[in-house]
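Right, one structure below, let's go through it.
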Amino acid sequence: ASNPSDAPVLIIGLGRFGAAAASKLERLGREVLVVDTDAALVQKWSGVATHAVQADAGDIDALRQVGAQDFSIAIVAIGASLEASVLATSNLAELGVPQIWAKAMSHSHGVILQRIGAHHVIYPEAESGDRIAHLVSGQVLDFI
Ligand code: ATP
């Protein structure tokens with residue numbers, strides 16, 4: 001786990017974002033532990049993901065039980081609930097996870113995540129909107 005290019009990755013939340021990240025990492029051959037409070041989702045993923053565990057990332061003891069403190073990389077893929085996102089991120093920071101990536105729904109959400117210990121904040125909607133604008137404007141230029 002000392003080599004970041006093959007260190008196992010902890011993913012909190014199996015929504016569209018977390019599920020896409022988990023699938024891709026697995027296809028890249030990375031070991032992945034996915035954690036979600038939703039038993040049905042965990043069940044669905046347990047045949048696919050390296051490890052899938054039902055746990056509440058807002059509960060630091062539950063995170064300890066799944067061994068979150070042993071991961072060098074974690075992704076907080078919770079967006080809809082600001083409280084759940086903030087709790088999961090601050091718990092991972094408290095456990096000393098050295099590389100925390102967290103998804104934010106807004107700029108202020110991102111600012112809070114950074115202040116409580118996220119090392120990288122991702123804004124999926126804003127970033128893909130920005131990217132599509134680049135693609136579209138490139139396409140327009142190609143037609144001129
Ligand atoms: P997406 O846009 O990626 O589909 P989202 O931004 O709507 O997702 P949420 O629905 O808030 O994100 O959460 C994604 C997943 O995180 C859900 O499957 C949810 O069950 C899980 N989740 C929410 N809170 C917690 C928590 N405290 N611990 C673990 N998993 C959680």
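No lab work stands behind these numbers, since they all come straight from the coordinates. Owing to the predicted nature of the structure, the values given are computational and were not obtained by experimental measurement. No Cβ is skipped: glycine too gets one built from the backbone with ideal geometry, and neighbour counts run over all protein chains shown.
Quick notes
- Three-way shape label, region 31-144, alpha-carbon gyration tensor, a/c 1.5: prolate
- For region 1-46: rounded, prolate or oblate by the Cα gyration tensor [a/c cutoff 1.5]: prolate
- Lys, Arg +1 and Asp, Glu -1 on Cβ, resulting dipole of region 15-80 about Cα centre, debye, nearest 20: 360
- Highest mean first, the peptides 89-95, 5-11 sorted by other C-beta atoms within 10 Å per residue fall in the order 89-95, 5-11.
- Only Cα pairs under 8 Å and 6+ residues apart enter the sum, and on that basis the relative contact order of region 1-120 stands at 23 percent.
- In the frame of its principal axes, region 86-129 has Cα extents of 34, 17, 13 Å, reported largest first.
- For LEU113, LEU41, order by how many other beta-carbon atoms lie within 10 Å, fewest first: LEU41, LEU113
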